[in-house]
Each structure stands twice: as structure tokens, then as C-alpha cells.
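Here is the structure we will look at, set down as C-alpha cells.
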Amino acid sequence: MADPTSFQFDLPPKPRPAPHRLEEKIHPRAWAASGACASLRNGPLDEAVRVIVIHATAGSSTEGAVSVMTEGRASFHWIVPDENEDAHGKHVWATCPEALAAWHVRRSCAHPSVCAGATNLNRLSLGIEIVNAQSGGDAFSQWQIEAAAQIVHYASAKYRNLVHVVSHARLDPGRRTDPGANFPWTEFQWLVMG
Ligand SMILES: [Zn+2]
């Protein structure tokens, strides 16, 4: 079994790819809630983003995951819907403006290979949630893996300082295992790196 705390790769140096269009739709309830569960970034957005963090919801629905935002407990920038949801195969949901630092990693979390061990990574990152139970037989769909890779392509083209793609488990190994051992990290990396 893959160890999610090992999941990381770094994007190659510039030149970046040409601008990449993302099939996304704004999730109205999450977007409306984001102002109360996200923070301002430090400095200009195009320089601030250095990390993408891959999460899985440990739940079974987009709406369940969005409820953490409407309750003001946590937030993330996109969510990739599950196989049994209408949006699956069509688009990802944008849930928080990229200009805001979503609350998806605990402030104290760090890893030596991510921004030289910096803490407060929310200010430096974008967070992707993928709807998956993270248990037993719930495999990620091929479309979910490809959709997450498309988000990384999009962000890589947009943010010149974006380097690190990392699992939540790697940043918070004592509390988190997402996106879980079922997530095909090697294939995901291959899709991102081409
Ligand atoms: Zn997570």
C-alpha cells in the first residue's frame, strides 16, 4: 500500500505551460461562505502561491464537504465531485476565491521539503478536496484523478512560484491520512508532469 505521508512532487522549473482553461463552476453556497472561513494572503497573489495540497473528504458527497465551509470550520479552493454526483465527468466546483488563503492545513504544520519547512502554509497554498470515503473499497475514479491534475495544470500556468504538490497527510501526519492509500499518486504525478 502506498504511504500518503510520502506523497509529494515538485513541478519542473520554468518555462511554465501556456494558460490552461479549467472546467469549473462556482459552488454558490461555498463561495458565499468563503468570506467568513478564509484569510487574506501576504503580498501579491501571483507570487504568494507556492504549494498545492491534495485532500480527500473522508465523506461521500460534495454537499457534506461544503458544510464545513458553511459552518465556518474550514475551507478549500476546489472540490472534485464523486462518481454518483451530477457534476462528475463535467466540472469541478470552485469553492473559495484563489485570492484568499483557505483554511485547509493547520497553522503549525510543515514539512522540510515544502517551502523549506515554513508554517502557516495556507497563506502560500491552494487546497483541492476530492470526494472519497478514504476507506476500504472506495476507489477514486479516473475522471477525479484527471480533474485534480487539470487543476494543477491550471494553477501551474497561472502562478509562477508554484512548485510543490503535496498530500495533506505529508503536512499533518499525526492527524491526517488524506488523500489516502487508495489515491494513485504515481499516476497523478504522471498526468501532471506529462
Ligand atoms: Zn485534508
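The values are calculated or read from the model by the stated rules, or taken from the named source; none is laboratory data. Predicted model, so just to flag it, every value in this text is computed and none were measured. Neighbour counts are summed over all protein chains in view; Cβ atoms, including those assigned to glycine, are modelled from backbone coordinates with ideal geometry. Areas reflect the complete protein model, heavy atoms only, side chains present, ligands, DNA and RNA absent. Shrake-Rupley method; radii C 1.70, N 1.55, O 1.52, S 1.80 Å.
Among the residues of the range 1-29, the one identified as among the small types (Gly, Ala, Ser) and surrounded by 13 or more Cβ atoms within 10 Å (Cβ to Cβ) is Ala2.
Pairs linking a residue in the range 153-178 that is touching a residue at least 12 places away in the same chain (Cβ under 8 Å) and within 20 Å of Thr119 (Cα to Cα) to a residue that is within 16 Å of the ligand (Cβ to nearest atom) and open to solvent by 80 Å² or more (accessible area, probe 1.4 Å), with Cβ atoms under 7 Å and 6 or more positions apart or on different chains, are His168/Arg176; Ala169/Arg176; Ala169/Thr177; Asp172/Arg106. Ala65 meets all of the listed conditions (1) in a loop (DSSP other than H, G, I, E, B); (2) within 16 Å of the ligand (Cβ to nearest atom); (3) hydrophobic (A, V, I, L, M, F, W, C) but one, namely (1).
Within the range 30-47, being open to solvent by 90 Å² or more (accessible area, probe 1.4 Å) and out of contact with any helix residue (DSSP H, G or I) (no Cβ under 6 Å at 6 or more places or on another chain) holds for one residue alone: Leu40.
Among the residues of the range 164-179, is any assigned to a helix (DSSP H, G or I), modelled with pLDDT of 95 or more, of a type in the set (D, E, K, R) and away from the ligand (no atom under 14 Å from the Cβ)? So far as the range 164-179 goes, no, none of its residues is assigned to a helix (DSSP H, G or I), modelled with pLDDT of 95 or more, of a type in the set (D, E, K, R) and away from the ligand (no atom under 14 Å from the Cβ). Scoring Leu100 on the criteria (1) within 14 Å of Glu24 (Cβ to Cβ); (2) touching a Leu at 6+ places or on another chain (Cβ under 8 Å) leaves a single failure, condition (1). Of the listed requirements (1) modelled with pLDDT of 95 or more; (2) surrounded by 15 or more Cβ atoms within 10 Å (Cβ to Cβ); (3) farther than 12 Å from Ser125 by Cα, Ser60 misses just one: (1). Of everything in the range 95-131 that is within 15 Å of Asp10 (Cβ to Cβ) and of a type in the set (Ser, Thr, Tyr), the residue that is surrounded by the most Cβ atoms within 10 Å (Cβ to Cβ) is Ser125.
Taking each residue of the range 39-54 that is of a type in the set (Ser, Thr, Tyr) and looking for partners that are within 16 Å of the ligand (Cβ to nearest atom) with beta-carbon atoms closer than 9 Å, six or more apart or interchain, yields Ser39/Ala101; Ser39/Ala102; Ser39/Trp103; Ser39/Asn122.
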